[in-house]
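Trainee: Mind having a look at this structure? Questions to follow.
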There are 2 protein chains.
Amino acid sequence: MTENEQRDARHNARMARKKAVIDDRIAHAQAERGVLLVNTGNGKGKSSAGFGLVARALGHGLQVGVVQFIKGRADTGEEAFFRNQPGVRWHVMGDGFTWDTQDRARDVARAQAAWALAREMLQDPGIGLVVLDELNIALKHHYLEVDAVLADLRARPLRQHVVVTGRGAPAALLDAADTVTDMTPVKHAFAAGVKAMPGMEW
Amino acid sequence: MTENEQRDARHNARMARKKAVIDDRIAHAQAERGVLLVNTGNGKGKSSAGFGLVARALGHGLQVGVVQFIKGRADTGEEAFFRNQPGVRWHVMGDGFTWDTQDRARDVARAQAAWALAREMLQDPGIGLVVLDELNIALKHHYLEVDAVLADLRARPLRQHVVVTGRGAPAALLDAADTVTDMTPVKHAFAAGVKAMPGMEW
């Protein structure tokens, strides 16, 4: 065999072993039910990963509900794009990050109204995916109580997926989740002086 | 003041200080250019965050190109959803993870053909966002050479954003990137016996 053929043969043998391991894992993962996914951490990608799942779910013909609990601006690309897609219900809690408004009583009232809408989605077996964007921030500021939120999440339809995003997910939510990813920042363009660019940051 | 009013006042003062810090940071980040974003790590959300940015970019009227370098199955929700959206070019390198095919020579040829398409996108100033999904896997297996890839990335139009996804991003790519997130797994439904569910994992 030439050196290249040897390399290919080693690669192919390694991949055959990998296939056996993966096939075995798949054989042991057969429960079919909705997944509670939490995207937390200080890095980029928590919300955008949720919006990617919106596209993925729509591609499988699922209905999708999105509630955005905290929002920095009124003209995001994701809202402009998804709001008019068939099969999507999109609700925004209110304008402005809480540090822009400095009005806690108003924030609490808005968060609770937004949760009432989220709860409707969590009771609707026709909705296959519910995205609760930046819910963790609302929990962190105690605009909503985590126990009430968890009770509604637990009572949802068996096959409904839920994505919760935001920094600082509370421990009780992490315990209840099926899948948790910590989006860990390695570096960010913002620190290097790049403006928040449309299509990338909003 | 009541206890509640005191709590609100403390919260509001804290948020006012936070606003000053954020306003100052924004004043110092004024460069307008395309961002090279890398989503790596072993956790969930690398590709889906890329697909969320596709929606975000489309919402701002940008044209988008997607090349998927490694793909597990032919019927993903993201492809079904985005392939027919106006403004999207979507290319899939070939069917099957490499551990299913065990044919390295074929994988190399396909990766290089896929890169030729990616390079066309990276030379087109009409495309505002290019997603190179699972490119890191193709680099890791040396289907493509990282230096050639970096040269094409560096030569792209000034305002074009690029997202690269996949485990094990090479160090040279991390160095070249503006923003890097490590999607760190905390837990995964698969390990708890849940099947890969449509709308969530594919």
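Trainee: Can you compute 3J(HN,Hα) from phi for each residue in the stretch B:40-51, using the Karplus curve 6.51 cos²θ - 1.76 cosθ + 1.60 with θ = phi - 60°, rounded to whole Hz and x for Gly and Pro?
Mentor: 10, x, 9, x, 6, x, 5, 6, 5, 5, x, 5
Trainee: Between copies, how far does the label point of B:Ala155 sit from its twins, in nm, shortest first, when each point is 7 Å from Cα along Cα→Cβ?
Mentor: 6.1
Trainee: So what's the Cα pair-distance distribution over the stretch B:34-192, bin width 5 Å, in %?
Mentor: Cα pair-distance distribution for the stretch B:34-192, in percent: 2, 9, 19, 23, 22, 16, 7, 2, 0, 0.
Trainee: Measuring label to label, 7 Å along Cα→Cβ, what does A:Ala13 give against each other copy in nm, shortest first?
Mentor: Listed shortest first, these distances are 7.0 nm.
Trainee: Compute the FRET efficiency between A:Arg10 and A:Ala155 as 1/(1 + (r/R0)^6), taking r as their Cβ-Cβ distance and R0 = 41 Å, and round to the nearest 0.05.
Mentor: For A:Arg10 and A:Ala155, the calculated efficiency is 0.20.
Trainee: How much net charge surrounds B:Asn12 when only the other residues with a Cβ under 11 Å from the Cβ of B:Asn12 are counted, with Lys and Arg +1 and Asp and Glu -1?
Mentor: My count for the surroundings of B:Asn12 gives +4.
Trainee: What FRET efficiency do you get for B:Ala191 and A:Asp23 if R0 is 22 Å and r is their Cβ-Cβ distance, rounded to the nearest 0.05?
Mentor: On the way: r = 16 Å, r/R0 = 0.73.
For R0 = 22 Å, the calculated efficiency reads 0.85.
Trainee: Along the stretch B:114-125, what does the Karplus equation 6.51 cos²θ - 1.76 cosθ + 1.60 (θ = phi - 60°) give for ³J(HN,Hα), rounded to whole Hz, x for Gly and Pro?
Mentor: Karplus values, whole Hz, x for Gly and Pro: 5, 5, 4, 5, 4, 4, 4, 5, 6, 9, 10, x.
Trainee: Build a GNM of chain B with springs between Cα atoms under 10 Å: which of B:Val130, B:Val149, B:Val67 gets the top mean-square fluctuation?
Mentor: B:Val149
Trainee: So what's the back-of-envelope 222 nm ellipticity for chain A, counting only DSSP H runs of four-plus at -39500 (n - 2.57) apiece and dividing by all residues, rounded to 500?
Mentor: Calculated at 222 nm, the ellipticity per residue is -13500 deg cm²/dmol.
Trainee: Just to confirm a number: summing +1 for Lys and Arg and -1 for Asp and Glu over residues other than A:Val38 whose beta-carbon lies under 13 angstrom from that of A:Val38, what do you get?
Mentor: Once all neighbours under 13 Å are counted, the net charge is -1.
Trainee: For A:His161, list long-range residues whose amide hydrogen, built 1.01 Å from N in the peptide plane, is under 5 Å from its own amide hydrogen.
Mentor: Hits under the 5 Å cutoff: A:Val35, A:Leu129, A:Val130.
Trainee: Between copies, how close do the A:Arg73 label points come, placed 7 Å along Cα→Cβ, listed in nm from shortest?
Mentor: Inter-copy label distances (nm, one decimal, shortest first): 3.7.
Trainee: Oh, and also: With θ set to phi - 60° and the Karplus curve 6.51 cos²θ - 1.76 cosθ + 1.60, what are the ³J(HN,Hα) couplings of the stretch A:20-37 in order, to the nearest whole Hz, using x for Gly and Pro?
Mentor: Ordered by residue, 3J(HN,Hα) equals 4, 5, 5, 4, 5, 5, 4, 4, 9, 10, 10, 6, 10, 7, x, 10, 9, 10 Hz.
No value in this document is a laboratory result; all are computed from the given coordinates. Please read these numbers as outputs of a predicted model, since none were measured by experiment. Cβ: placed from backbone, ideal geometry, glycine included. Neighbour counts: every protein chain shown.
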